[in-house]
Amino acid sequence: MKKCGWKKVLVDGEPEKYVKTGLKFCPCKNFNGIIYWQYFGGEKRYICSACHGDTRKPEEEKPLIVPSSIKCGIYIVYWKSGGSSIASIGMMANGGRWIAPINWVRTSEDQDIFNDIERLKRIDIDTHKLTEAE
Ligand SMILES: [Zn+2]
């Protein structure tokens, strides 16, 4: 018998360059709405009386970035693994995006790279104050 759990579903995000994953509660076959709680190692758990599965909602995941919706330009990239890079992001013939952090030896065309990004900040070339290099 499958236990109660939360399933990841896709929901539309705001702004549109993000796709959010939402969580939907999926009850077990014998779910009757009766939930009891018990402490488990100092942690309160909400247990389904039918399947004894933990019914607590897991923490929501951060939104994912959809590469094809990123405007071409220069960005500060904040990596999920920590740290940041200044990177150029451009468009490929198939509508995907390449990314070239300035400290990498070559451009990446791997769209999965964008899953490693926590946040993108676009550097506005028109309004950004520039200093002449000496
Ligand atoms: Zn259950």
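Read the figures in this text as sums done on the coordinates, not as results from a lab. For clarity, every value in this text was computed on a predicted model and none was experimentally measured. Neighbour counts run over all protein chains shown; Cβ positions are idealised from the backbone, glycine included.
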Legend entry - 5 angstrom amide H check on ILE47, placed H, neighbours 5+ away: TYR36, TRP37, GLN38, THR55
Inset, instruction - Show the residues, 5+ positions off or on another chain, whose built amide H is closer than 5 Å to the amide H of ARG97. - result: MET92
Inset, instruction - Hey, can you grab everything whose amide H is under 5 Å from the amide H of PHE31? Only 5+ residues off in sequence or another chain; H modelled, so Pro and N-termini drop out. - result: none
Inset, instruction - Using a/c under 1.5 as the rounded threshold, could you call the range 56-103 rounded, prolate or oblate? The axes a ≥ b ≥ c are square roots of the C-alpha gyration tensor eigenvalues, and prolate needs a/b larger than b/c, oblate otherwise. - result: oblate
Inset, instruction - With r as the distance between the Cβ atoms of ARG45 and GLU118 and R0 = 35 Å, compute the FRET efficiency 1/(1 + (r/R0)^6) and round to 0.05. - result: 0.75
Inset, instruction - Just list whichever of LYS24/LYS121; LYS8/LYS80; LYS3/LYS24 have alpha carbons separated by over 22 Å in the model shown. - result: LYS24/LYS121
Inset, instruction - Could you run the Karplus curve 6.51 cos²θ - 1.76 cosθ + 1.60 with θ = phi - 60° over the range 72-81 and give me ³J(HN,Hα) per residue in whole Hz, x for Gly and Pro? - result: 4, x, 9, 10, 9, 9, 9, 7, 4, 6
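Which whole-number percent gives the relative contact order of the range 67-132, counting Cα pairs below 8 Å spaced six or more residues apart?
It comes to 34 percent, rounded to a whole number.
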